[in-house]
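Step one of this worksheet: look at the structure below.
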Amino acid sequence: LIRGRRNSSGRTEESPATMGEYGDNDLDGLVPPSSALDIDSAETYTPPTAGPGRLLFYAATLQAFVIVYRTEVLLGGVLAVSLGVAFGSAYGHRHRKVNPFKAAHVHTDYSAITSKYDLTLGKIDHWCIRGDDNNCRCEDPLVPMSKRSSHKWEEQHKENIKLAQATLMKILKSSDGGSYEDYFFPDYDDLWLEGTNDDWVWGEGSRFYEDDASFVPFVENYSSEEGFMEDDGYGDEGRGQQRRKAQEGTEGDYELDVVFVGDSITEQRQGTRKGEPLVDYTGIKEVFDRTFTKEKGGDYNGIALGIDGDTSPQLLWRLMNGEMPDGLDPKVWWIGIGINDLTIKGCSEEIVLLGILRVVEEIQNRHPDDVVVINSILPIQRNEEGLLEHVGKHHEDIALKKKEKDMADNEMSSKRLHIDLWPSIVAINEELSKFASKHHGVKFFDADSVFTEERTTDKKGVMGKYLKMDLMRDPVHPNLQGHKRWNNAIKKKLAS
């Protein structure tokens with residue numbers, strides 16, 4: 001059917017008539033001749049294996065793919081960029097990218113607030129210490145929060161209430177304010193005995209356990225021998241009896257100088273941890289009693305109300321639910337809280353600051369004539385030597401060099417963040433000091449003078465700030481010697 005002739009090479013040549021018939025001559029000059037298109041050739045086409053030709057081949061292939069699938073490529077690129085930004089924000093520790101002290105700085109100024117109603121969450125930059133809002137377990141710092149689901153926590157809270165009430169009875173008994181038997185708190189329900197109105201305060205000021213309910217005070221003309229409700233010390237592990245003995249011989253004037261409120265560091269002064277007596281804390285309690293009990297030779301009268309593991313919202317709840325009763329008016333309320341918000345909850349510096357200030361404002365609102373002292377957040381051990389930061393010209397862009405980040409993992413609770421928290425502690429303490437300087441009746445106590453020192457870090461004379469390891473029981477809690485020095489410093493502060 002095809003008219004033509006074969007040439008000397010064996011190929012068929014079409015006649016001009018045939019070419020004209022099919023119009024092939026119209027393609028001349030448009031398609032370059034190529035052996036790859038010759039179906040009669042035994043040679044096959046292969047892409048270039050090296051050199052610029054191969055690069056051009058892949059570039060052309062990629063260009064064709066992008067042209068054909070341009071929409072999918074565009075969307076894929078946007079998705080990749082978005083995922084990169086998200087993962088970088090979630091897992092990138094901002095303290096490792098910039099100067100950690102600048103990163104920890106609280107940019108909103110809360111030093112000028114005048115009441116708890118001035119504290120709001122609207123200006124918070126981020127909730128979590130890592131710079132985001134999701135990778136932490138922070139509660140609302142302005143809302144009281146209990147831990148009544150914990151039996152040990154609730155029991156220790158009850159003991160704190162008993163101690164506060166016993167102290168209040170001493171004050172009322174030595175004052176001219178009336179009969180202490182008639183002093184009660186109509187708006188307070190501790191829920192100890194469900195369905196029972198047990199919220200009256202009787203006898204020598206103790207709160208009563210279920211075993212004391214056999215006494216019936218509601219009789220006419222009751223006396224100390226008949227119908228007088230009294231804590232017999234049984235049913236509460238003997239601590240009621242200890243409170244009664246502590247009250248003996250206090251018929252004269254009793255003046256309460258200071259109430260310490262806070263977390264586990266404050267509970268150390270009570271000789272307990274989570275409400276259970278601890279042998280290592282016995283000496284700490286004895287030192288505290290000798291320092292803050294005039295009957296035992298102290299210069300001041302004081303009590304300690306602490307619970308292990310508490311955060312600022314939990315301390316706030318305790319104060320609003322029995323541990324700060326009306327009439328308990330010491331000269332000074334000493335606040336030590338915030339470390340658990342930072343290390344256990346992972347809250348940002350701003351959230352921790354707001355929580356502490358909310359506690360301060362609650363105390364001032366209820367006791368406007370009392371002085372409030374904010375204790376600085378104590379430093380935390382981060383390496384074996386206790387190095388916290390470099391000072392002077394060697395103050396690096398990172399808090400500690402990589403080789404110096406020898407975390408005390410063996411002694412640090414797994415519940416706490418194992419990151420360098422010193423820059424955050426510095427930032428919070430700076431804001432607390434600024435707040436105290438602008439408010440009458442609020443003072444700031446910097447415990448760094450007790451627990452830190454500056455000395456050289458190596459033979460080259462590089463200076464550094466160190467935590468005094470001989471004053472620490474573990475990376476967070478002071479030991480007996482640490483409490484002794486701390487108490488002496490507190491005494492000087494109270495005297496000033």
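Odds and ends about this structure:
- E361 sits with roughly 10 Å² accessible to a 1.4 Å probe, with DNA, RNA and ligands left out of the calculation.
- Efficiency of FRET from Cβ geometry, L74 and E454, R₀ 60 Å, rounded to 0.05: 0.55
- Label-to-label distance for M469 and R148 is 4.5 nm, based on points extended 7 Å past Cα in the beta-carbon direction.
- With Cα atoms defining each centre, segment 153-171 and segment 425-496 are spaced 29 Å apart in the structure.
- Annotation: amide H-H contacts under 5 Å for K443 (H modelled 1.01 Å from N, sequence separation of 5 or more, or interchain): V372, V373, I374.
- Accessible-area rank, largest first, for V73, V81: V81, V73, with all protein chains present and a 1.4 angstrom probe.
- Largest to smallest in accessible area, the residues K170, K294 fall in the order K294, K170 (1.4 Å probe, all protein chains included).
- Heavy-atom accessible area ranking, 1.4 Å probe, most first, across C347, C136: C136, C347
- Local electrostatic count at F451 - Lys and Arg +1, Asp and Glu -1, tallied over other residues with Cβ under 13 Å: 0
- Given a 1.4 Å probe and the protein chains as shown, S449 ends up with an accessible area of around 90 Å².
- The packing ranking, built from the mean of other Cβ atoms within 10 Å per residue, places the peptides 378-387, 363-372 in the order 378-387, 363-372, highest first.
- Within the full protein context, the accessible area of T71 is estimated at about 80 Å² for a probe radius of 1.4 Å.
The values are calculated or read from the model by the stated rules, or taken from the named source; none is laboratory data. All values derive from a computational prediction rather than experimental measurement. Note that each Cβ is placed from the backbone with ideal geometry, even for glycine, and that neighbours are counted across all protein chains shown. Ligands, DNA and RNA are excluded from the accessible area calculation, which covers all protein heavy atoms including side chains. Shrake-Rupley method; radii C 1.70, N 1.55, O 1.52, S 1.80 Å.
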